[in-house]
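Scroll down for the structure; my scribbles are underneath it.
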Amino acid sequence: MLLYHGIIMSQIMKTLWQKYCTNAIVALLFFLLPFFLSGCSPKGKELFTKYGCINCHGFENNENVLGSDLRDLKKRTTREWLKSKIKNPKLYVSDSQMPSFAYLSDRELDALVSYILDNY
């Protein structure tokens, strides 16, 4: 242990950790908590836009979109069905215009499904 003006350095480090680092950790947890509780990932919205889902499945006035209406989808289906449909749309509708998103990781697929179910 190092001495600094007669005070043991390990005690100083412990005090600094308790005072500053624990506050930072608590702040980070409070920032992230809403995402864990809601199940809605900001990544899901990013993916919905990035892969063009918004172009065919719009929020408003679903008359001018190509894809199916996603409103109230949570009431009509399950998470697992939606994940399967996104990965392989032709499995459900053989002439579907929707491209396959089988290349999405499980984490990306979960984020996208959470976004759709929580926001439509």
For the pair Asp72 and Val93, how long in nm is the line joining their label points, each one 7 Å along Cα→Cβ? 1.8 nm
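Classify segment 39-120 as rounded, prolate or oblate, taking a ≥ b ≥ c as the square roots of the eigenvalues of its Cα gyration tensor: rounded when a/c is under 1.5, otherwise prolate if a/b is larger than b/c and oblate if not. Don't skip to the answer; put the middle values down first.
Values: a/c = 1.31, a/b = 1.07, b/c = 1.23.
In terms of gyration-tensor shape, rounded.
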Neighbour-count ranking for Asp106, Asp95 (other C-beta within 10 angstrom, fewest to most) reads Asp95, Asp106
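No value in this document is a laboratory result; all are computed from the given coordinates. Predicted, not measured: the structure shown is a model, and the values here were computed from it. FYI the Cβ positions are ideal-geometry reconstructions off the backbone, even for glycines, and counts take in every protein chain you see.
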